[in-house]
Amino acid sequence: MNDYKTRLLMEMTLKIREAGTYNLIRIVTSLIWLIEALYVFLGYGNYDIFYFILAVICLISWFHMGKKHKTAMVEFYELEKEYIENFEDENI
């Protein structure tokens, strides 16, 4: 039973780390697009095809990482529910 508890705790930890990684990627892509938008807005760049390609890539990755983050959190909550069902009466 102790191995099962350890496995659940490890999986929960990995899911939280996975969700944090997806959130970090989301923040980085947002910052990349923000810097590029400011660069163009301040007049140092032009509205060319590179700007729009970068905007589309950042937008798609932003939504995709959001979905992956939500999926990882749902899996974490399922693991947490399973942990609570099996080990709620034990002391930490």
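The values are calculated or read from the model by the stated rules, or taken from the named source; none is laboratory data. Not measured: the values here are computed from a predicted model. Because the Cβ atoms are built from the backbone with ideal geometry, glycine has one as well, and the counts that use them run over all protein chains shown. The area values use the complete protein model at the heavy-atom level, side chains included, leaving out ligands, DNA and RNA. Shrake-Rupley method; radii C 1.70, N 1.55, O 1.52, S 1.80 Å.
Numerical summary
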{"quantity": "Residue satisfying all of: in segment 1-25; hydrophobic (A, V, I, L, M, F, W, C), open to solvent by 100 Å² or more (accessible area, probe 1.4 Å) and over 18 Å from the mean Cα position of the chain (by Cα); nearest to SER61 (Cα to Cα) among these", "calculated": "MET10"}
{"quantity": "Any hit, segment 64-80, residues being over 30 Å from TYR4 (Cα atoms), open to solvent by 80 Å² or more (accessible area, probe 1.4 Å), in a helix (DSSP H, G or I) and without any contact (Cβ under 8 Å) to a residue 60 or more places away in the chain", "calculated": "yes"}
{"quantity": "Filter pass, ILE35 being β-branched (Val, Ile, Thr), open to solvent by 90 Å² or more (accessible area, probe 1.4 Å) and in a helix (DSSP H, G or I)", "calculated": "yes"}
